[in-house]
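Chemist: Below is a structure I'd like to ask you about.
The values are calculated or read from the model by the stated rules, or taken from the named source; none is laboratory data. Since the model is a prediction, treat every value here as computed from it, not as a measurement. Virtual Cβ from ideal backbone geometry, glycine too; neighbours counted across all protein chains shown.
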Amino acid sequence: MPLPLVLDDRGSRDLRASGGGAWRVFTDAVMGGVSVASAEAGAMNGRPALCLRGRVSTANNGGFVQMALDLAGPLPAEATGFEIDVCGRPLRYGLHLRTVTMTAPWQAWRAGFDVGAAWQTLRLPFAGFEPYRLTGRLAPGDVRRIGLLAIGAEGDAELCLGRLAVY
C-alpha cells in the first residue's frame with residue numbers, strides 16, 4: 001500500500017471510517033468508573049469531523065473516555081507513524097494503540113498530544129509511543145486498534161478528528 005495511507009478522511013459523515021471499520025466509544029464504565037462520552041459526526045470549524053465529547057471522572061478508580069477504531073487489516077510494515085488532523089477543547093489527549101500481541105485490556109502503546117481550538121495537523125511517530133504495562137517493540141504491522149482518549153484528568157473533553165492517516 002502506498003504511503004501516506006488515509007484510514008479516515010471523515011467523508012462518511014457518520015461513525016464509519018472511510019478506510020473501513022467504525023468508530024466506537026468506550027469509557028471507564030467497563031471497569032466501574034463513572035465517566036460519560038459520546039462520538040458525534042458532523043462539522044467543526046468548517047470541516048467534516050468526528051468529535052469525542054465527554055466528562056472524565058476519576059471517581060470509582062476511573063478516568064478516561066475514548067473513541068476507538070478497529071483496523072480492517074494490518075498497517076504497512078514501512079509505516080513510521082500516524083498523522084492526525086485535530087482540534088477541540090484545549091487539553092492533553094492521547095493516541096493509544098492495541099496490537100495482536102496484547103493479552104490484557106489495560107495494555108497499550110501510548111502517545112500524548114495537545115489540542116487547541118483551531119485545526120492542526122500532528123505527526124506522531126511510532127518511535128515516540130511509550131509501552132504501558134508491556135514490554136517489547138512496537139511493530140506497525142501488529143497494530144489492530146487505534147484509540148483517541150482523554151485520560152487521567154478530571155473535566156470536560158472535546159476532541160475532534162478531521163483525518164487519520166499513516167505515513
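Chemist: Give me the residue from the stretch 6-51 that is polar (S, T, N, Q) and under 14 Å from the mean Cα position of the chain (by Cα) and, out of that set, surrounded by the most Cβ atoms within 10 Å (Cβ to Cβ).
Modeler: First, the residues of the stretch 6-51 that are polar (S, T, N, Q): 12, 18, 27, 35, 38, 45.
Retained after the next criterion (residues that are under 14 Å from the mean Cα position of the chain (by Cα)): 27, 38.
Details: T27: 22, S38: 12.
Only one residue tops the list, namely T27.
Chemist: Name the residues in the stretch 52-67 that are crowded, with 19+ Cβ neighbours inside 10 Å and of a type in the set (A, V, I, L, M), would you?
Modeler: Hits for the stretch 52-67 are L52, V56, V65, M67.
Per-residue answers, yes or no, for (1) closer than 16 Å to A49 by Cβ; (2) of a type outside the set (F, W, Y); (3) part of a loop (DSSP other than H, G, I, E, B):
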| site | (1), (2), (3) |
| --- | --- |
| P74 | no, yes, yes |
| A77 | no, yes, yes |
| H96 | no, yes, no |
| A111 | no, yes, no |
| A118 | yes, yes, yes |
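Chemist: Within the stretch 127-139, identify whether any single residue is outside any loop (DSSP other than H, G, I, E, B), under 13 Å from the mean Cα position of the chain (by Cα) and in contact (Cβ under 8 Å) with a residue 12 or more places away in the chain, and answer yes or no. Walk me through how you get there before you give the answer.
Modeler: Our first condition is that a residue be outside any loop (DSSP other than H, G, I, E, B); within the stretch 127-139, this holds for 127-128, 130-132.
Narrowing further to those that are under 13 Å from the mean Cα position of the chain (by Cα): none.
Looking through the stretch 127-139, none of the residues is outside any loop (DSSP other than H, G, I, E, B), under 13 Å from the mean Cα position of the chain (by Cα) and in contact (Cβ under 8 Å) with a residue 12 or more places away in the chain.
Chemist: Ok, one more. Return yes or no: is A22 over 22 Å from R110 (Cα atoms), modelled with pLDDT of 95 or more and out of contact with any Phe, Trp or Tyr (no Cβ under 6 Å at 6 or more places or on another chain)?
Modeler: Values: over 22 Å from R110 (Cα atoms): no; modelled with pLDDT of 95 or more: yes; out of contact with any Phe, Trp or Tyr (no Cβ under 6 Å at 6 or more places or on another chain): yes.
Judged against the criteria, A22 is not a match.
Chemist: Just wondering, is there one or more residues in the stretch 48-69 that are among the charged types (D, E, K, R) and touching a Gly at 6+ places or on another chain (Cβ under 6 Å)?
Modeler: Narrowing the stretch 48-69 to residues among the charged types (D, E, K, R): 53, 55.
Next, only the ones that are touching a Gly at 6+ places or on another chain (Cβ under 6 Å) stay: none.
No, there is no match, as no residue in the stretch 48-69 is among the charged types (D, E, K, R) and touching a Gly at 6+ places or on another chain (Cβ under 6 Å).
Chemist: Let me ask another. Sort through G81, G94, G88 and tell me the only one that's surrounded by 13 or more Cβ atoms within 10 Å (Cβ to Cβ), over 22 Å from E130 (Cβ atoms), within 14 Å of the chain's Cα centre (by Cα) and not β-branched (V, I, T).
Modeler: Details: G81 fails: over 22 Å from E130 (Cβ atoms); G94 fails: over 22 Å from E130 (Cβ atoms).
Only one candidate passes the filter, namely G88.
Chemist: Name, by its number, the condition in (1) over 19 Å from V65 (Cα atoms); (2) outside any strand (DSSP E or B) that does not hold for A153.
Modeler: Looking at each condition in turn, A153 falls short on (1).
Chemist: Condition (residue is of a type in the set (A, V, I, L, M, F, W, C), in contact with a Phe, Trp or Tyr (Cβ under 6 Å, 6 or more places away or on another chain) and over 17 Å from E83 (Cα atoms)) applied to the stretch 28-35: is it met by at least one residue?
Modeler: Kept after step one, since they are of a type in the set (A, V, I, L, M, F, W, C), are these residues of the stretch 28-35: 29-31, 34.
Subsequent filtering for residues that are in contact with a Phe, Trp or Tyr (Cβ under 6 Å, 6 or more places away or on another chain) retains none.
No, there is no match, as no residue in the stretch 28-35 is of a type in the set (A, V, I, L, M, F, W, C), in contact with a Phe, Trp or Tyr (Cβ under 6 Å, 6 or more places away or on another chain) and over 17 Å from E83 (Cα atoms).
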